[in-house]
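Report on one structure; see the data block that follows.
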Amino acid sequence: MPSTTYGKGLRGLSLATLATIALALALVFFYAPLDADQGFVQKIFYIHVPLAIVSLCGFIFGAALAVGHLRTGDRKWDMRSYVAIHMALIFGVGGLITGSIWAKASWGHWWVWNEPTLVSFLIVLLLFATYQPLRFSIEDPERQSRYASVFAIVAGAFVPLNFLAVRLAQEFVHPRVLTLGGGNLPGAMRLTFLISLVGMALLYVTLWKYEMAAKNARSQVRRLRRTLLGDDSVRPAGRSAAPL
Amino acid sequence: MRTALILLRKDLRLELRTLETVPAMILFALVTFVIFHFGLNRSTIDGQLAAGVLTATLLFAAMLGINRLFVAEREQGGFDAFLLAPVDRSSMLVAKAAALFVFLAALEVIAVPAFGLLLLGPSLGPALPGLILVLALADLGLAVIGTLVSGIAVQTRARDLIGPVIGLPLLIPALIATARAAGPLLRSVHAPAAPPGKWLAILALYDLVFALLAYAVFDFLLEE
């Protein structure tokens with residue numbers, strides 16, 4: 001396997017991420033106006049919505065990478081898809097928790113059922129939460145990666161369909177901020193939101209690259225040890241949900 | 001297509017001789033109606049509540065069939081024999097989905113009238129044509145997604161756990177559309193003659209997308 005270096009450009013990317021997030025936070029606290037209705041608590045919007053959007057895009061990104069795996073049969077793509085979905089899950093849990101806090105603060109309840117975006121998001125998260133248990137319960141690594149990719153593609157296609165069905169099932173409560181025309185956000189808020197979104201997306205890409213670099217380096221070290229020191233020097237890999 | 005028909009005939013004959021899956025699904029559905037009667041503490045239900053109870057019961061009963069769908073193939077070496085045969089692999093998907101569809105239809109032939117007798121307030125008769133249409137579309141979705149999920153789950157160590165855990169979230173949109181389409185039909189007053197077109201369209205779209213998707217990815221589940 002050619003040694004792909006995921007570490008390349010990682011320092012620049014990390015710095016760019018850091019700068020964007022710092023800028024976004026500065027804008028959130030010092031530039032964006034206070035919401036007339038909700039006051040200070042509305043500022044969690046700039047964290048919550050980007051987290052949720054990036055998480056959903058991460059799931060679809062993982063599905064696209066899984067298509068690459070099934071097309072080429074190269075396990076490298078499975079690793080990429082795995083890391084993408086696993087990162088998106090972490091972002092998704094973050095989005096759910098921040099959303100819950102926001103709901104409690106602005107609507108008075110931790111959970112609101114007549115809120116299609118929230119409910120769809122929960123269903124998507126529940127579906128993707130089975131990704132790791134599924135991987136873990138298939139022992140043969142080759143079959144594990146193949147089945148995980150099939151699951152990732154099906155679940156990725158499920159995301160938009162699920163949003164459609166749940167949205168139609170309920171009345172609108174959520175402020176429509178995500179329409180293509182930019183919704184009804186005033187200019188200063190929209191700018192802050194967009195920069196927060198870019199910062200969160202950069203954070204996702206950076207973390208994805210870090211994990212890929214770490215996993216890649218680990219497998220290279222294993223291979224080198226095995227070549228140089230013999231098979232006994234490497235502990236046999238235990239059963240794992242992560243691809244090797 | 002001929003292969004699919006042969007496989008389907010084999011599955012149906014197997015079911016007729018062993019009576020392993022469908023009777024269990026029917027019993028499960030009947031028991032669930034009794035459970036709902038006590039859980040809700042209601043002798044009759046109607047409208048959206050009735051549609052929800054019916055849909056949830058059918059969904060859980062379908063889960064039993066979905067779990068069993070590929071077990072015989074795996075335990076008796078049916079997969080190996082199928083892979084050795086020079087036939088199109090997608091025919092397995094078509095045959096299994098068709099078998100599951102037949103199982104679900106057989107379940108509903110008993111369970112829906114039983115629901116009408118045991119729980120439903122208004123009479124079942126006027127709602128029946130619309131209900132059959134809704135349930136046919138719902139069964140299509142359950143059959144396709146169930147076959148796909150069952151194909152994934154049967155190769156895992158904890159297949160009885162993985163199947164429902166993956167299958168239920170995937171089926172939630174179909175459940176929403178089925179329950180919402182059937183709800184107005186089961187109202188005791190002002191019940192429309194036809195189910196709402198919006199939900200039928202969503203159900204049909206869902207069936208179509210997942211049928212195409214299953215057709216595209218199913219081959220990868222059978223490779224050895």
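The values are calculated or read from the model by the stated rules, or taken from the named source; none is laboratory data. In this text the structure is predicted, and so the values were computed from the model without any measurement. Because the Cβ atoms are built from the backbone with ideal geometry, glycine has one as well, and the counts that use them run over all protein chains shown.
Select from segment A:91-116 the residues that are without any contact (Cβ under 8 Å) to a residue 60 or more places away in the chain and among the β-branched types (Val, Ile, Thr) and write down the one among them that is farthest from the other protein chains (Cβ to nearest Cβ).
By that ranking, first place goes to A:Ile101.
Count, please, the residues in segment A:129-150 that happen to be without any contact (Cβ under 8 Å) to a residue 40 or more places away in the chain, within 7 Å of chain B (Cβ to nearest Cβ) and either within 23 Å of A:Gly95 (Cβ to Cβ) or not in a helix (DSSP H, G or I) (or both).
4
From the list A:Leu122, A:Leu161, A:Leu126, which residue is more than 7 Å from chain B (Cβ to nearest Cβ), surrounded by fewer than 20 Cβ atoms within 10 Å (Cβ to Cβ) and without any contact (Cβ under 8 Å) to a residue 40 or more places away in the chain?
A:Leu122
Looking at (1) within 14 Å of another protein chain (Cβ to nearest Cβ); (2) crowded, with 18+ Cβ neighbours inside 10 Å; (3) among the β-branched types (Val, Ile, Thr), which is the only condition B:Val134 fails?
Checking B:Val134 against (1) within 14 Å of another protein chain (Cβ to nearest Cβ); (2) crowded, with 18+ Cβ neighbours inside 10 Å; (3) among the β-branched types (Val, Ile, Thr), the one that fails is (1).
Helices (runs of 4 or more DSSP H) wholly in segment B:1-96 with at least 1 residues that are closer than 28 Å to B:Gly125 by Cα and modelled with pLDDT of 90 or more - which ones?
Where helices (runs of 4 or more DSSP H) fall fully within segment B:1-96 and carry at least 1 residues being closer than 28 Å to B:Gly125 by Cα and modelled with pLDDT of 90 or more, they are B:22-40, B:47-68.
Go through segment B:151-162 residue by residue and tally those that are at pLDDT below 90 and either more than 7 Å from chain A (Cβ to nearest Cβ) or under 16 Å from the mean Cα position of the chain (by Cα) (or both).
So the count comes out to 4.
Mind listing whichever residues of segment B:173-199 are surrounded by 14 or more Cβ atoms within 10 Å (Cβ to Cβ) and either closer than 19 Å to A:Val119 by Cβ or within 11 Å of chain A (Cβ to nearest Cβ) (or both)?
Residues satisfying the conditions are B:Pro173, B:Ala174, B:Leu175, B:Ile176, B:Ala177, B:Thr178, B:Ala179, B:Arg180, B:Ala181, B:Gly183, B:Pro196, B:Trp199.
Being more than 19 Å from B:Thr57 (Cβ to Cβ), within 9 Å of another protein chain (Cβ to nearest Cβ) and surrounded by 20 or more Cβ atoms within 10 Å (Cβ to Cβ) is the requirement here; does B:Ala214 meet it?
Spelling it out, B:Ala214 is indeed more than 19 Å from B:Thr57 (Cβ to Cβ), within 9 Å of another protein chain (Cβ to nearest Cβ) and surrounded by 20 or more Cβ atoms within 10 Å (Cβ to Cβ).
Report, by residue number, each residue of segment B:13-56 that is over 24 Å from B:Val189 (Cβ atoms), surrounded by 15 or more Cβ atoms within 10 Å (Cβ to Cβ) and among the hydroxyl-bearing types (Ser, Thr, Tyr).
Correct list: B:Thr21, B:Thr32.
Condition (residue is within 28 Å of A:Leu65 (Cα to Cα) and surrounded by 15 or more Cβ atoms within 10 Å (Cβ to Cβ)) applied to segment A:229-238: is it met by at least one residue?
Checked against the condition, which is being within 28 Å of A:Leu65 (Cα to Cα) and surrounded by 15 or more Cβ atoms within 10 Å (Cβ to Cβ), segment A:229-238 yields no hits at all.
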